[in-house]
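Below: the structure, in structure tokens.
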Amino acid sequence: MLDLGRLRALHAVSVHGSVGAAAAALGYTPSAVSQQIAKLERETRTTLLERRGRGVRLTDEAHQLAATAEQLLSIVEEAEVRLEERRGLPAGRLSIGCFASAARGLMPRVLADLAARHPALDARLTEVDPHLSIELAARGVIDLAVAHDWDISPMPSPPGLEQAVIGDDPCDVLVPHGHPLAARASVRREELADQRWITQPPGSVCHEWLMQTLRSTGYEPHVVHQAEENHTQVALVAAGLGIALVPRLGRGALPPEVAPVRLDPVPTRRLHALWRTGAARRPAITETVRTLQEHWPQVASATT
């Protein structure tokens, strides 16, 4: 009889690509995940992981077993959903994948509220890129994804997922004090040609939005610095090294060296919660989505 916990560990390595990443997603240590897979290898008398440089790769047998594990985990999830639905109360572990600024600006109060009102619910947060979180939710690696999209970059909606809107997060152009735009109440996109931009690296949703939007006005954005964290972008603006388009959620108070200017029309990203259709009846899902929507107006008003 194969151990479900060991199969879960193998499935996590298959999805995340490494033992360390799988351990972070499962809330274990890397050594614990390695031990689980070593035991699974002994149970199956099969080599599942092979060393490749400083990492590992799954063997063909491991890929087959991981695919079977995904099916088994889906069946277990359905059983858990039915039990929780019968109880009618949020309970058990709920894994949430969330992008960085929402993990900082929204999730702490949501998680604290859930913990206070539902002590039987074990909600666990992992910070993850919004596109990746959607994929992880679709594959059953996480229970709930909190992601965002933009007007020119709609969120992909894989089959088997349901979603609900949490709210809209406006963005401002941040400029150094003393910059010619600092005294302006608003600025149009066409006026931002020849500016030195600070943005997220290529591949991120925010970077692609900025590049596509500014290119649509007829010029190529001049990107001089790239930083994943919004706080780092703010620090670079404060040092007078360029301007940045930064969402309000999770941004925090701006330093005195930085001035926000409204971009006309205002760019807005929309936050969504996504979960598997098979888990839609689970009280933990419905209550968490409700709590996200309940807290959003207060969070949004605090960022204005």
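The values are calculated or read from the model by the stated rules, or taken from the named source; none is laboratory data. In this text the structure is predicted, and so the values were computed from the model without any measurement. Quick reminder, even Gly has a Cβ in these numbers, built from the backbone with ideal geometry, and neighbours come from all protein chains shown. Heavy atoms of the whole protein, side chains included, go into the accessibility calculation; ligands, DNA and RNA do not. Shrake-Rupley method; radii C 1.70, N 1.55, O 1.52, S 1.80 Å.
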Quiz item: Please state the relative contact order of segment 1-134 as a whole percent: Cα pairs under 8 Å, 6+ residues apart?
Solution: 19 percent
Quiz item: For Leu89 and Glu43, what does the FRET efficiency come to when R0 = 35 Å and r is the distance between their Cβ atoms, rounded to the nearest 0.05?
Solution: 0.45
Quiz item: Could the peptides 160-169, 284-293, 74-83 be put in order, highest first, of the mean number of other beta-carbon atoms found within 10 Å of their residues?
Solution: 284-293, 160-169, 74-83
Exercise. Please give the per residue accessible area of the chain, computed with a probe of 1.4 Å over protein heavy atoms only, in Å².
Key: 48 Å²
Self-check item: Efficiency of FRET from Cβ geometry, Glu78 and Arg270, R₀ 45 Å, rounded to 0.05
Solution: 0.90
Practice problem: For Glu208 and Thr303, calculate 0.36 nm times their separation in residues minus their Cα-Cα distance, and state this gained length in nm to one decimal. | Solution: 31.8 nm
Quiz prompt | Kirkwood Rh, angstrom, the chain [1 / mean 1/r, Cα pairs] | solution = 21.3 Å
Quiz item: Can you pull the percent of segment 20-74's accessible area that's carbon plus sulfur, 1.4 Å probe, other chains left in place?
Solution: 46 percent
Quiz item: What figure in square angstrom, to the nearest 10, would you give for the accessible area of Ile198 with a 1.4 Å probe?
Solution: 0 Å²
Quiz item: When only DSSP loop residues count, what trypsin sites (Lys or Arg not before Pro) in segment 158-238 have their Cβ near at most 16 other Cβ atoms within 10 Å?
Solution: Arg184
Practice problem: Pull up the DSSP beta bridges for the chain and report the antiparallel fraction as a percent, rounded to 5. | Solution: 60 percent
Self-check item: Accessible area (Å², 1.4 Å probe, nearest 10) - Leu132
Solution: 70 Å²
Quiz prompt | Relative contact order computed over segment 197-265 (Cα-Cα under 8 Å; 6+ residues apart), in percent | solution = 34 percent
Practice problem: List, largest first, the extents of the alpha carbons of segment 1-142 along their principal axes, each in whole Å. | Solution: 46, 35, 24
Exercise. Give me the distance in nm between label points sitting 7 Å out from Cα along the Cα-to-Cβ direction at Thr217 and Ala115, one decimal.
Key: 4.3 nm
Practice problem: Quote the FRET efficiency, to the nearest 0.05, computed for Glu191 versus Arg124 with a Förster distance R0 of 51 Å and r equal to the Cβ-Cβ distance. | Solution: 0.70
